[in-house]
1. Is it the case that Ala83 is over 24 Å from Lys15 (Cα atoms) and free of Cβ contacts under 8 Å to residues at least 60 places away in the same chain?
2. Glu14 is checked against (1) acidic (Asp, Glu); (2) under 27 Å from Arg91 (Cβ atoms); (3) touching a residue at least 24 places away in the same chain (Cβ under 8 Å) and fails just one. What number does that condition carry?
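We did not get these values from a lab; they are worked out from the coordinates using the rules stated. Source: prediction; values computed, not measured. Cβ sites come from the backbone with ideal geometry, for glycine too, and all protein chains shown count toward neighbours.
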Amino acid sequence: MSQDLTSRFRQAAEKVVTLSKAPDDLVKLQLYALYKQSHEGDCKGNRPSAFNVVARAKYDSWKTLKGTSQEAAMQQYIDLVNALAEADESRKTEQ
């Protein structure tokens, strides 16, 4: 894993919390899954019960990335955060 990619990933992780408006729940799940895939690789463990809706949604989202390399997940995370930041900037300039 390259230092540049890791550095850009860390910057994206810091940038996402500075957005003026939080992403919707589906985007948050996507961010969560990409972050987990970046750090831990493929999803492990058993699927949470249907009674634990949030944990199950997170698990399912992460599971969709099975087979995605950690580097690819990092790049996808960076790209998503950059797109969110650009949209955030556009909203700010429109006001």
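1. no
2. (3)
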